[in-house]
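See structure below.
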Amino acid sequence: MPSVPTAPDQQEGADAHDRPFEDGDGADGAGGDSNLHQRARRAQMVIAGVAVLMGAVGTIRAADVGFASDRSVPVIEHRFVDGPLVTLNQAGALALVVLGLAGLVFAWFAMRRGLWLVAGGFALVGILTAAQYGREVNLLGGNGSMLSFALMEGVGLLALSFVTRPS
Amino acid sequence: MIKRAPVGADSPTSSPWPMVAVRLLLGVMWLQNAGWKRPPDFGANDRSGLFFFTSTAVDHPVWGPYTWVVENLILPNFTPFGWTVLLTEAALGAFLLLGLGTRFWALVGLAMSVTITLSVMRLPAEWPYALWLLIAAHLAVLATAPGRHAGLDGLLRPMWARSSSSLAARALRWT
């Protein structure tokens, strides 16, 4: 009878705390997988939560800017950051809040298809920003940073949806 | 077998957090700097923005072959170049902040840093060590793979390790 292969990274007497850079939990069976899924789910909620936070701050900062105005404001602007970080108008702020909240809900209930939908929403935000930034009509008021942020949100949620168990 | 990531991490007293901070800082830097690459002309019409900083390779040459490339290939075709820079920097910001494909994007960031150095190093009031430190930071991220801690690489690698596909094997190498 062939011997059962030992899981990667498991060594006799090894203590996980001695190896702070060890990858996740490795392929070490159901307990490790469950922990991995939980961590991935938490990461999804963090990523979606960041979108909600950016959208909420943007909503406050864009209070004097029109809904789909070509004027935009930076969500974060500080001399430590050498200029504006992610610009948007009220429509852009609303898009981030709605997509972020949807991401939180779908992540909480581990609904993979829902997360794909949200990732698609962020992709649309990115495409719209890339197409309209620097032009007369800029529906979401976004700049190149907004494009990068939307890419981060969409790719992050999509990639993690393949780790979490679908409900 | 999933290899350990960073060099010198065997000691139980070493911490991954400094390199995670470097990765996040680089991500924020690229994300923010994508913000001033403005289409459709990227500053070509009034010699501002990306066009200005790219043309400094001609006005203040650092390395002859690179100056030739900028003068004869890049500046005459500036719009596609501008889009390439914008999309690359946006992707750099996104992926380094996520900690996904960290080593690959550190390599891309390294290449971008080298081209920036070759463009602006001889500008008046430019501090060359800032550019060398930018290159060094990307080298450090490439060497230590900090996406494996507090990043998506750490969550996805166990899945890739279980897969027998060549794509998964490549993903393990570049994360």
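Identify, from the list B:VAL58, B:VAL85, B:VAL62, the residue that is of a type in the set (A, V, I, L, M, F, W, C), within 30 Å of A:GLY156 (Cβ to Cβ) and in contact (Cβ under 8 Å) with a residue 12 or more places away in the chain.
Among B:VAL58, B:VAL85, B:VAL62, only B:VAL85 is of a type in the set (A, V, I, L, M, F, W, C), within 30 Å of A:GLY156 (Cβ to Cβ) and in contact (Cβ under 8 Å) with a residue 12 or more places away in the chain.
So B:TRP105 clears everything in (1) under 30 Å from B:LEU155 (Cβ atoms); (2) touching a residue at least 60 places away in the same chain (Cβ under 8 Å) except one condition, right? Which one?
(2)
Could you run through the stretch B:149-166 and say how many residues are under 16 Å from B:THR102 (Cα atoms) and without any contact (Cβ under 8 Å) to a residue 12 or more places away in the chain?
So the answer is 1.
Answer yes or no as to whether A:LEU85 is in a helix (DSSP H, G or I) and either closer than 15 Å to A:VAL57 by Cβ or of a type in the set (D, E, K, R) (or both).
On the way: in a helix (DSSP H, G or I): no; either closer than 15 Å to A:VAL57 by Cβ or of a type in the set (D, E, K, R) (or both): yes.
Considered against the rule, which asks whether it is in a helix (DSSP H, G or I) and either closer than 15 Å to A:VAL57 by Cβ or of a type in the set (D, E, K, R) (or both), A:LEU85 comes out as no.
Looking only at the stretch B:40-63, how many residues end up being at positive phi, assigned to a loop (DSSP other than H, G, I, E, B) and not aromatic (Phe, Trp, Tyr)?
2
Can you tell me which residue among B:GLY93, B:GLY109, B:GLY82, B:GLY99 is on the phi > 0 side of the Ramachandran plot and at pLDDT 95 or above?
Of the residues listed, the single one that is on the phi > 0 side of the Ramachandran plot and at pLDDT 95 or above is B:GLY99.
Name, by its number, the condition in (1) at pLDDT below 80; (2) away from chain B (no Cβ under 11 Å); (3) buried (at least 18 other Cβ atoms within 10 Å of the Cβ) that does not hold for A:GLY114.
(1)
Residues that are part of a strand (DSSP E or B), within 14 Å of chain B (Cβ to nearest Cβ) and more than 23 Å from A:ALA40 (Cβ to Cβ): does the stretch A:88-98 have at least one?
To start, the set of residues in the stretch A:88-98 that are part of a strand (DSSP E or B) comprises A:88.
From the residues that got through so far, the ones that are within 14 Å of chain B (Cβ to nearest Cβ) too are A:88.
Now restrict to residues that are more than 23 Å from A:ALA40 (Cβ to Cβ): A:88.
Yes, the conditions are met somewhere in the stretch A:88-98.
Would you point out which residue out of A:LEU124, A:LEU157, A:LEU128 is crowded, with 23+ Cβ neighbours inside 10 Å and either part of a helix (DSSP H, G or I) or at pLDDT 95 or above (or both)?
Only one candidate qualifies: A:LEU157.
Can you run down the residue pairs with Cβ atoms below 6 Å, 6 or more apart or on separate chains, where the first is in the stretch B:19-42 and closer than 13 Å to B:ALA90 by Cβ and touching a residue at least 60 places away in the same chain (Cβ under 8 Å) and the partner is surrounded by fewer than 24 Cβ atoms within 10 Å (Cβ to Cβ) and small (Gly, Ala, Ser)?
That search, which allows pairs on different chains as well, returns nothing.
Output the residues belonging to the stretch B:135-175 that are crowded, with 21+ Cβ neighbours inside 10 Å and polar (S, T, N, Q).
Correct list: B:THR144, B:THR175.
So which residues in the stretch B:27-69 are of a type in the set (D, E, K, R) and within 11 Å of chain A (Cβ to nearest Cβ)?
Those that are of a type in the set (D, E, K, R) and within 11 Å of chain A (Cβ to nearest Cβ): B:LYS37, B:ARG38, B:ASP41.
A:GLY144: within 13 Å of another protein chain (Cβ to nearest Cβ) and in contact with a Leu (Cβ under 7 Å, 6 or more places away or on another chain), yes or no? Explain how you work it out, then say what you get.
Values: within 13 Å of another protein chain (Cβ to nearest Cβ): yes; in contact with a Leu (Cβ under 7 Å, 6 or more places away or on another chain): yes.
So A:GLY144 fits the description; yes.
Yes or no: the stretch B:122-133 includes at least one residue that is of a type in the set (A, V, I, L, M, F, W, C) and either closer than 17 Å to B:VAL20 by Cα or touching a Gly at 6+ places or on another chain (Cβ under 7 Å) (or both).
There is at least one residue in the stretch B:122-133 that is of a type in the set (A, V, I, L, M, F, W, C) and either closer than 17 Å to B:VAL20 by Cα or touching a Gly at 6+ places or on another chain (Cβ under 7 Å) (or both).
Which residues, taken from the stretch A:131-140, are in a helix (DSSP H, G or I) and surrounded by fewer than 15 Cβ atoms within 10 Å (Cβ to Cβ)? Before the answer, list the steps.
The initial filter retains those residues of the stretch A:131-140 that are in a helix (DSSP H, G or I), namely A:131-132.
The one that is in a helix (DSSP H, G or I) and surrounded by fewer than 15 Cβ atoms within 10 Å (Cβ to Cβ): A:ALA131.
The values are calculated or read from the model by the stated rules, or taken from the named source; none is laboratory data. The structure presented is a predicted model; accordingly, all values stated were derived computationally and were not measured. We place every Cβ from the backbone using ideal geometry, glycine too, and count neighbours over all the protein chains shown.
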